[in-house]
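**Q** Before anything else, here's the structure in question.
The values are calculated or read from the model by the stated rules, or taken from the named source; none is laboratory data. Note that the structure is a prediction, hence the values are computed from the model and not measured. FYI the Cβ positions are ideal-geometry reconstructions off the backbone, even for glycines, and counts take in every protein chain you see. All accessible areas refer to the heavy atoms of the entire protein, side chains included, with ligands and DNA or RNA removed. Shrake-Rupley method; radii C 1.70, N 1.55, O 1.52, S 1.80 Å.
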Amino acid sequence: MSVYGPVVKIHPVVLASIADSYERRNEGALRVIGTLLGTVEKHTVEVTNCFSVPHNESEDEVAVDMEFAKNMYELHKKVSPSEVIVGWYATGFDITEHSVLIHEYYSREAQNPIHLTVDTALQSGRMNIRAYVSAQMGVPSKTVGVMFSPLTVKYVYFDTERIGVDLLQRTRTSPSRSKGLTTDLEQVGSAAARIQDMLTTVLSYTEDVLSGKVTPDNTVGRFLMDLVNKVPKITAEDFESMLNSNINDLLMVTYLANLTRAQIALNEKLICL
């Protein structure tokens, strides 16, 4: 639950990268840390990328390779100039004394950075993900401490990331924990089936409201009205004609692409002769 600060939106690729860095950690390392990259808006911090940072940690001290972190960030800026440092992450369940020292470094690199903890060891039976923001506390002119306040964490994804997330979810029901990629036609079929299921749910809810079985909800009604208004007004004949035209264009592009690929392969073989 958020106590102070913005909402933190995390993309699936970030969590996958953190889990991968934890699995590849050095022998004897208890946790891994890294830099979070993304964008900052008025009330939202969106984390879209990250990279791990080498560090050595003991009970008495912690050493972080700051030069590596700076070089990696410079390389990331060349690829994604819009992504900036928004904070840092650490695997584990708790915030340690060393976390305060590392957070001080990132406070110099970003304004009000967030701290993300990912329980990759599944201490509570699941991967708990928490985000914090630091705040100074204490008496003026006296000893000043740091307090980490929790933030609201939400999970978002781009359309391209949704494909990977759906594939990972299907591996849960597979005994081998593996699943192959589906064809384009199968993806269209599964998407159409999901749309049909959602339409069935909407129709069932509407009928229950009209019959008095369910109490009407104004918010749901406004969402349904927006949905209906977004549907283009087109006759069935025009829609079928438009669909067939688009399918013919797609088949033509696919044919030309295969023909070009075959010509290139043939040309390479002729050159080798």
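**Q** Determine the percent antiparallel among the DSSP beta bridges restricted to the chain, to the nearest 5.
**A** DSSP beta bridges in the chain are roughly 70 percent antiparallel.
**Q** Tally up the carbon and sulfur contribution to the accessible surface of the chain as a whole percent, 1.4 Å probe, everything protein left in place.
**A** 58
**Q** Sort 233-246, 68-81, 39-52 by packing, meaning the average of other beta carbons within 10 Å per residue, with the highest value first.
**A** Values: 233-246: 9.6, 68-81: 13.0, 39-52: 17.0.
Those peptides, ordered most packed to least, come out 39-52, 68-81, 233-246.
**Q** Please give the per residue accessible area of segment 167-273, computed with a probe of 1.4 Å over protein heavy atoms only, in Å².
**A** Roughly 91 Å² per residue, with all protein chains present.
**Q** Next up: Where does segment 10-137 land on the Kirkwood hydrodynamic radius, alpha-carbon pairs, in angstrom?
**A** Evaluated on segment 10-137, it is 14.9 Å.
**Q** Roughly how big is the chain's charge dipole about its Cα centre, with Cβ charges of +1 (Lys, Arg) and -1 (Asp, Glu), in debye to the nearest 20?
**A** Here the chain has a charge dipole of around 200 debye.
**Q** Have a look at the DSSP beta bridges in segment 45-119 and tell me what percent are antiparallel, nearest 5.
**A** DSSP beta bridges in segment 45-119 are roughly 40 percent antiparallel.
**Q** What distance in nm lies between label points placed 7 Å from Cα along the C-beta direction at T39 and N248?
**A** Spacing of the two 7 Å Cα→Cβ label points: 4.0 nm.
**Q** Which FRET efficiency value, to the nearest 0.05, is calculated for K77 and T173 with the Förster distance at 35 angstrom and r the Cβ-Cβ distance?
**A** Step by step, r from the Cβ atoms, then E = 0.30.
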